[in-house]
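Student: Dropping the structure in here first, questions after.
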């Protein structure tokens, strides 16, 4: 009888031991799986941030820039003779009119891009299509502190314009909207460089007899941005007025027409 109880006790303890082991392993496996998911999410977040900064890595895959390029190209295929506004996140976030002077308008803004990042995307966006007018509204991201030792912005503007010349005969250059003091702008941007870039773009436009949109002359006061760089809803009103007015003048239609 003693032997029988001992065997049963051993069996019970073994079962309990196995249950604890299996349960512990299940918990451990669950923790490991969650850790792996957090790590993967962290990696994807970092890739997305790099993409938004205009420094996308090959492993980033189908992120923001890829989506925007596909969307812009698709919209280009759906219209005839559009006005195309090439830009960064400031343009992308703008609510551009559907048409100006009877011509459809394509918002070709891509958040996070500097001029050199936009250059290799030109063919993917435009394909073989030529358009009556391209507005180039880039330069804000070229005003980041990382570009302080880079060549003058006019050199990058010239390279992009050369690539876009195959797509249009007519240009408008847009200046850089004001950059205000805020955590984001203080960390990444140089207001002095932004001022210099805005001036250089204007000089380049004058030298080439290209219309220039002077956002800074139209946008004054404080709290123009949400984070020092991106515009508030109210700030987009003078931004849009300046953008549309210059395009209307360039196309030769009456101010206020659509």
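What follows is calculated from the coordinates using simple rules that are stated; it is not laboratory data. Just so it is clear, the structure is predicted and the values come from calculations on it, not from any experiment. Cβ placement follows ideal geometry from the backbone for every residue including glycine, while neighbour counts extend to all protein chains displayed.
Student: Mind checking the full-extension length gain between residue 188 and residue 209? Use 0.36 nm per residue of separation minus the Cα-Cα distance, one decimal, nm. Write down the numbers at each step before the final one.
Tutor: Values: separation 21, 0.36 × 21 = 7.56 nm, distance 3.25 nm.
Net length gain for the segment: 4.3 nm.
Student: Using 0.36 nm per residue of separation minus the Cα-Cα distance, give me the extension gain between residue 181 and residue 196 in nm, one decimal. Working shown, then result.
Tutor: Numbers: separation 15, 0.36 × 15 = 5.40 nm, distance 1.70 nm.
Taking 0.36 nm per residue and subtracting the Cα distance, the gain is 3.7 nm.
Student: I want to check the label-to-label distance for residue 123 and residue 78. Put each point 7 Å from Cα in the C-beta direction and report it in nm to one decimal.
Tutor: Here the modelled spin labels are 2.6 nm apart.
Student: Report for the range 119-232 the percent antiparallel among DSSP-assigned beta bridges with both residues inside it, nearest 5. Don't skip to the end; give the middle numbers.
Tutor: On the way: 2 of 8 bridges.
Bridges in the range 119-232 that DSSP calls antiparallel: roughly 25 percent.
Student: Calculated FRET efficiency, residue 162 and residue 69, Cβ-Cβ r, R0 22 Å, to nearest 0.05? Don't jump to the answer; show the numbers that get you there.
Tutor: Numbers: r = 20 Å, r/R0 = 0.91.
For residue 162 and residue 69, the calculated efficiency is 0.65.
Student: Which part of the range 138-158 falls in the paramagnetic zone of residue 216, meaning amide N under 18 Å from the point 7 Å along Cα-to-beta-carbon?
Tutor: 138-145, 147-148, 152-155, 157
Student: Expected output is a single nm value to one decimal: the length gained when fully extending between residue 130 and residue 145, i.e. 0.36 nm times separation in residues minus the C-alpha distance. What is it?
Tutor: On the way: separation 15, 0.36 × 15 = 5.40 nm, distance 3.50 nm.
Length difference between fully extended and current span is 1.9 nm.
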